Amino acid sequence: MEIFTYLEQYDYEQLVFCQDKQSGLKAIIAIHDTTLGPALGGTRMWTYASEEAAIEDALRLAKGMTYKNAAAGLNLGGGKTVIIGDPRKDKNEEMFRAFGRYIQGLNGRYITAEDVGTTVADMDLIHEETDYVTGISPAFGSSGNPSPVTAYGVYRGMKAAAKEAFGTDSLEGKVIAVQGVGNVAYNLCRHLHEEGAQLIVTDINKEAVQRAAEEFGATVVNPDEIYGVNCDIYAPCALGAVINDETIPQIKAKVIAGAANNQLKDTKHGDVIHEMGIVYAPDYVINAGGVINVADELYGYNQERALKKVEQIYTNIAKVIEIAKRDQIPTYMAADRMAEERIARMRNSRSQFLQNGHHILSRR
Ligand SMILES: NC(=O)C1=CN([C@@H]2O[C@H](COP(=O)(O)OP(=O)(O)OC[C@H]3O[C@@H](n4cnc5c(N)ncnc54)[C@H](O)[C@@H]3O)[C@@H](O)[C@H]2O)C=CC1
Ligand SMILES: CC(C)CC(=O)C(=O)O
């Protein structure tokens, strides 16, 4: 990959490589765009096949955060970190503290939180070195694990997408195929089960599917079977790029609405599912509940205020569907348009110089 060519092509601001030999830290912080405010996005820990794959993931996820934060109405830019390593074996206290010092060095340009492979306990270690971290323990007056709130937002957004596809937002009796039943999807399944949906689940982790089967009466299928099951709604809640050339021909669902980031392998796949008449709830609009929740910490965390904003994901998805219908474009494109227009409006409106300008972090 020609890094500067890529950064220039997609308007990235900064890419930071962090290395600490003693702890084994190998992290990449990608900052995409800080027009709206400091870049906020989680830290993913994963065993990447190559360093190039890790860089690509950090870059794609960071850009997604710019759009997610803009579409959610937050005054925040987009960034993300990946730590190369196995979260089950390679973590240690020194690693997260070393990483915290790198974040501190960015002096507020980037604020982190949890993502796949990292936990509240890891954020607490980062917090030993920097204030530019959210999703830390409620004992510090913070919001804790964002996953249940992300799940609530996905549930709300799924209802809005169902309204478009089925004429009602009730999920009672709907058959919903959930891919991955980790932190977010376990909580999503609880909401869906409570509303009377029938669940089909899969996960590479046997204990996770067993729990969903026991607690929610979910039917379990093998990971590669989930795309083709007979269902009303497909909820991708594991990793990205699951909507692709191989999976699309298998999909029978009328709605795709799930938590995973970067669900479309390529934008062309968003065009294909649009032509098939599938209602796709764009990933970064529907899964913004977690970031809305952690971002509230920057104002002094208030759960009631945060949840009210997360509830709005229903309206945000409805708005994206409305723009898509009005402009006759796929929903992923409508979401991009909504986010880009907000960034452009704010860039223009904040263009004059202001000595000692107010900043979201000045409230901390
Ligand atoms: N945790 C949060 O608040 C947010 C999470 N997301 C996204 O939602 C997705 C899920 O996040 P979490 O629940 O936090 O992660 P998690 O790691 O707790 O859950 C993911 C689950 O997917 C399973 N999985 C992995 N590969 C699989 C495969 N090929 N087939 C089936 N299952 C597979 C894993 O075993 C795990 O149980 C990720 O893409 C994440 O980036 C997005 C916004 C916020
Ligand atoms: C706090 C996290 C839930 C934010 C993030 O990285 C995401 O939404 O993907």
- line: Output for region 56-207 (equivalent-ellipsoid semi-axes, sqrt of 5λ from the C-alpha gyration tensor, Å, descending) is 32, 18, 14
query: Taking other Cβ within 10 Å of each residue's Cβ, how do V279, V154 sort, fewest first?
result: V279, V154
field: Built amide H within the under 5 Å cut-off of G85, gap 5+
entry: W46, T47, Y48
query: Mind checking the dipole of region 40-126: about its Cα centre, +1 per Lys or Arg Cβ, -1 per Asp or Glu Cβ, Debye to the nearest 20?
result: 300 debye
message: Cut-off is 10 Å between beta-carbons; in what order do K308, K174 appear when sorted fewest neighbours first?
response: K308, K174
statement: Ranking I3, I28, A39 by how far each Cα lies towards the positive end of the charge dipole of region 1-86 (+1 on Lys and Arg Cβ, -1 on Asp and Glu Cβ), the top one is A39
message: Can you tell me the orientation of helix 313-327 relative to the chain, as the angle in degrees between its alpha-carbon axis and the longest Cα principal axis, to the nearest 10?
response: 70 degrees
query: Spin-label point model (7 Å from Cα, Cβ direction): what's the I3 to K308 distance in nm?
result: 4.4 nm
field: Over the chain - Rg/Rh using Cα atoms and the Kirkwood inverse-distance radius
entry: 0.95
message: At 0.36 nm per residue, and after removing the present C-alpha to C-alpha distance, how many nm does the segment from A53 to T119 gain when stretched out fully?
response: 21.5 nm
message: Checking the a/c ratio against 1.5 first, then a/b against b/c, what shape does the Cα gyration tensor give for region 26-77?
response: prolate
Highest-fluctuation residue, M346, M123, M158 considered, GNM on the chain with Cα pairs under 10 Å: M346
- request: Beyond 31 Å between alpha-carbons counts as too far, so tell me which of K26/K308; K63/K319; K163/K308 fall in that bin.
  value: K26/K308
task: With label points built 7 Å along Cα→Cβ from the Cα atoms of E194 and Q22, find their separation and express it in nm.
output: 4.7 nm
- prompt: If Lys and Arg each add +1 and Asp and Glu each add -1, what is the summed charge of the other residues whose beta carbon sits under 13 Å from the beta carbon of E304?
  reply: +1
- request: Could you work out the mean projected area of the convex hull around the alpha carbons of region 293-364, in square nanometres to one decimal?
  value: 6.2 nm²
- request: Determine which aspartates and glutamates satisfy two conditions relative to K174: a Cα distance under 17 Å, and not lying fewer than 8 residues away in the same chain.
  value: E164, E194, E195, D232
- request: Could you please state, rounded to a whole Å, how far the C-alpha centre of region 246-315 is from the C-alpha centre of region 211-244?
  value: 16 Å
- prompt: Once the dipole of the chain is set up with Lys and Arg at +1 and Asp and Glu at -1 on Cβ about the Cα centre, which of A208, A335, N230 lies farthest towards its positive end?
  reply: A335
task: May I ask you to list the GluC sites (Glu not before Pro) in region 95-163 that are in a DSSP loop and have at most 14 other Cβ atoms within 10 Å of their Cβ?
output: E128
statement: Nearest 10, in degrees from 0 to 90: the angle of helix 183-194 to the longest Cα principal axis of the chain is 40 degrees
message: Assuming 0.36 nm per residue, please report the length gained on full extension of the stretch L239 to D266 beyond their Cα-Cα distance.
response: 8.3 nm
- prompt: Along the three principal axes, how long is region 23-132 when you take its alpha carbons, biggest first, rounded to the nearest angstrom?
  reply: 37, 31, 21
statement: Counting sequence-distant residues (5 or more places) and residues on other chains, those with an amide H built under 5 Å from that of V220 are V201
statement: With label points set 7 Å from each Cα along the Cα-to-Cβ direction at R88 and Q355, the distance between them in nm comes to 5.9 nm
field: Kirkwood Rh (inverse of mean 1/r, distinct Cα pairs), region 1-57, angstrom
entry: 12.8 Å
field: Cα-based helix-to-principal-axis angle, 147-166 vs the chain, degrees rounded to 10
entry: 40 degrees
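Since every read-out is calculated from the coordinates, none of them should be taken as a lab result. Because the structure is predicted, anything quoted here is derived from the model rather than measured. Cβ: placed from backbone, ideal geometry, glycine included. Neighbour counts: every protein chain shown.
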